[in-house]
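The values are calculated or read from the model by the stated rules, or taken from the named source; none is laboratory data. Keep in mind that what you see is a predicted model, and the values were worked out from it rather than measured. Glycine gets a Cβ as well: all are built from the backbone with ideal geometry, and neighbour counts include every protein chain shown.
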Amino acid sequence: QVRLRQSGGGSVQPGGSLRLSCIAPPFSLDRHMLVWFRQAPGKDREAVSCVSIMDDVGRTKYSPSVKGRFTISRGNAGNTVWLQMDSLKPEDTAVYYCAANVMRSHCDENWDDPSLRDEYKYWGQGTQVTVSS
């Protein structure tokens, strides 16, 4: 069982920035696409951003709600992923999770399809992000 360990998050005022990190044992996720999800109280879990394997590292995807404000990146070893969150808004308040899709390596056009949810076998523990004045 691969365990993903998250760090970062916290509380920030609107317009502020936070950075989330997610790390797994070396070489355990280097062939999997990695995705950040978030879940706000009373809402479904939402896919926020995706990054492909290192061979295709230029391919990233973002949900319309965060595009232009969040940046996903992946370490050279492939087992670390970060989410830089800038210009944060109160509606970004949620618990954020990193996850690995064990069936896919590339962030294709259907990367955020909820029907793919069963393909995510490895999850981080979740990190609270609160944006409030």
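Remarks
- The requirement of being modelled with pLDDT under 95, closer than 18 Å to S132 by Cβ and surrounded by 14 or more Cβ atoms within 10 Å (Cβ to Cβ) is satisfied by G9.
- G78 fulfils the conditions (1) among the small types (G, A, S); (2) out of contact with any strand residue (DSSP E or B) (no Cβ under 8 Å at 6 or more places or on another chain); (3) surrounded by fewer than 21 Cβ atoms within 10 Å (Cβ to Cβ) except for a single criterion, (3).
Results for (1) under 12 Å from the mean Cα position of the chain (by Cα); (2) basic (K, R), shown as yes or no for each residue.
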position: G75; (1), (2): no, no
position: T80; (1), (2): yes, no
position: P114; (1), (2): no, no
position: R117; (1), (2): no, yes
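- At least 1 residues being of a type in the set (S, T, Y) and over 18 Å from D118 (Cβ atoms) is the threshold, and among the strands (runs of 3 or more DSSP E) wholly inside region 1-54 those reaching it are 5-8, 10-12, 18-23, 46-51.
Every residue, every condition in (1) crowded, with 16+ Cβ neighbours inside 10 Å; (2) free of Cβ contacts under 8 Å to residues at least 60 places away in the same chain, yes or no:
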| site | (1), (2) |
| --- | --- |
| W82 | yes, no |
| S87 | no, no |
| P90 | no, no |
| T93 | yes, yes |
| Y97 | yes, no |
| M103 | no, yes |
| E109 | no, yes |
| D112 | yes, no |
